[in-house]
1. So, restricting to strands (runs of 3 or more DSSP E) that lie completely within segment 130-213, which ones have at least 2 residues that are in contact with a Phe, Trp or Tyr (Cβ under 9 Å, 6 or more places away or on another chain) and of a type in the set (D, E, K, R)?
2. Filter segment 162-211 down to residues that are β-branched (Val, Ile, Thr) and over 15 Å from Ser145 (Cβ atoms) and give me whichever is surrounded by the fewest Cβ atoms within 10 Å (Cβ to Cβ).
3. Across segment 272-291, what is the total count of residues that are at pLDDT 95 or above, under 23 Å from the mean Cα position of the chain (by Cα) and either surrounded by fewer than 16 Cβ atoms within 10 Å (Cβ to Cβ) or on the phi > 0 side of the Ramachandran plot (or both)?
4. Restricting to segment 233-251, and then to whatever is assigned to a strand (DSSP E or B) and touching a Phe, Trp or Tyr at 6+ places or on another chain (Cβ under 8 Å), can you tell me which residue is surrounded by the most Cβ atoms within 10 Å (Cβ to Cβ)?
5. Kindly provide the set of residues from segment 292-331 that are surrounded by fewer than 17 Cβ atoms within 10 Å (Cβ to Cβ), of a type outside the set (D, E, K, R) and not in a strand (DSSP E or B), ordered by number.
6. Which of the helices (runs of 4 or more DSSP H) contained wholly in segment 25-116 include at least 1 residues that are hydroxyl-bearing (Ser, Thr, Tyr) and more than 29 Å from Ile220 (Cα to Cα)?
7. So, in segment 122-155, of the ones that are touching a residue at least 60 places away in the same chain (Cβ under 8 Å) and among the β-branched types (Val, Ile, Thr), which residue ends up surrounded by the most Cβ atoms within 10 Å (Cβ to Cβ)?
Amino acid sequence: MKHKWLVVLALPIMLLAANPVAAAKYSSSELKQVRSFQKAYKKLSKKTYTKKKLYVKAPNYASPFGAGVLPSSYLKDSLAYVNYYRKLVGLPSEKMRAADNRDAQIGAAVLGALNAKTSLSAHGLIGYRQPDYIDDDTWERAENSTFGNINFVESVSGISAGQNVTDLLLDQNNISGAGDTGHRALILSARATHIGFGAAYGRSNGKYYNVENAMFADDILRKAKKSVVAFPSTKVFPIELLGSDTPWSVYFAHKKITKRPKVYLYDLTAKKKVKASQVRIYGTDYYGEGYTGAVTFYPGKLKLINTHKYEVNIKGVYKYTFRLFRQKGHN
């Protein structure tokens, strides 16, 4: 996941209508959900962590190597965002384990020590040489934890823990290619129960590395909590998360998709229909995230309007509806 604030501003470009939220357009159950999500979003921390504020103890990129220690607030903020997004799609919350956070921090610090490049080879440290001052156990932990999500950030003003999670969720700049939502699939895994977080700045390149340690064998073997997980999700969904560069996705815990389907999007409120663009299918690619199949696509010329109800129809595979709301503010 590549995120540049100085060169490429990767914040979502919204296709938002200017009309205010009209509570009368929601059913009573929809309005209850909207208010619940708005309250939850308001409680999420927006604190920015600069290089000076990121550490309780900074990493040591020499002998003896030290991964550093993050503030507990950073870890709690990260988990809160992950669980907010999981709740949006109807998944249970995940927990943090001290060992998962430790290994994630080791992964981020080793990336920092290596001044790792923004590339797929950072996952698992493929092609990187182990420095003499990093022992074998530490190196192995870094290899394993970096197989999870990595967000690469170049910023002089810092970034919030929540923005890191959101960047990975939106998957607008996945270096695997447009439409690949593997980072999102890991955050929204239907089998995941625990996750760890790590963050560190590079030794000398000014780059910030955020690691989400979340690919665990014990979770992959668990029973899925939902058979289908969609983004945007069923029922109600925040319009702020659907930028023009944001791919949509539907993950299947038991179904395999072998043929690329046609995908149609309907604005049921305005009675308009469009064909989704750049439809892609995935099979075992997302097995590590707990899914056997996935379909991703872009909304094409669909106009997104707050309070409108939409239908997603993946022909011959799956169909569902959702209504938009604003997570910022009140109805």
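The values are calculated or read from the model by the stated rules, or taken from the named source; none is laboratory data. Everything numeric here is computed off the predicted structure, so don't read it as measured data. Cβ sites come from the backbone with ideal geometry, for glycine too, and all protein chains shown count toward neighbours.
1. On the way: elements: 149-154, 194-201, 207-213.
In segment 130-213, the matching strands (runs of 3 or more DSSP E) lie at 207-213.
2. Taking segment 162-211 first, the residues β-branched (Val, Ile, Thr) are 165-166, 175, 181, 187, 193, 195, 211.
Now narrow it down to the ones that are over 15 Å from Ser145 (Cβ atoms): 165-166, 175, 181, 187, 193.
Values: Val165: 27, Thr166: 19, Ile175: 14, Thr181: 28, Ile187: 28, Thr193: 16.
The selected residue is Ile175.
3. Initial filter on segment 272-291 (at pLDDT 95 or above): 272-281.
Now restrict to residues that are under 23 Å from the mean Cα position of the chain (by Cα): 276-281.
Of the ones still in play, those that are also either surrounded by fewer than 16 Cβ atoms within 10 Å (Cβ to Cβ) or on the phi > 0 side of the Ramachandran plot (or both) are 277-278.
Total meeting the criteria: 2.
4. Just the residues of segment 233-251 that are assigned to a strand (DSSP E or B), to begin with: 235-238, 243, 248-251.
The next check asks that each one be touching a Phe, Trp or Tyr at 6+ places or on another chain (Cβ under 8 Å); those that pass are 235-238, 248-251.
On the way: Lys235: 17, Val236: 24, Phe237: 23, Pro238: 20, Trp248: 21, Ser249: 25, Val250: 24, Tyr251: 29.
Selected residue: Tyr251.
5. Step one: filter segment 292-331 for residues surrounded by fewer than 17 Cβ atoms within 10 Å (Cβ to Cβ), giving 300-301, 303, 311, 315-316, 319-321, 328-330.
The next check asks that each one be of a type outside the set (D, E, K, R); those that pass are 300, 316, 320-321, 329-330.
Gly300, Gly316, Gly329, His330 - these are the residues of segment 292-331 that are surrounded by fewer than 17 Cβ atoms within 10 Å (Cβ to Cβ), of a type outside the set (D, E, K, R) and not in a strand (DSSP E or B).
6. Working: elements: 28-43, 51-54, 72-88, 98-113.
Hits in segment 25-116: 28-43.
7. Thr146
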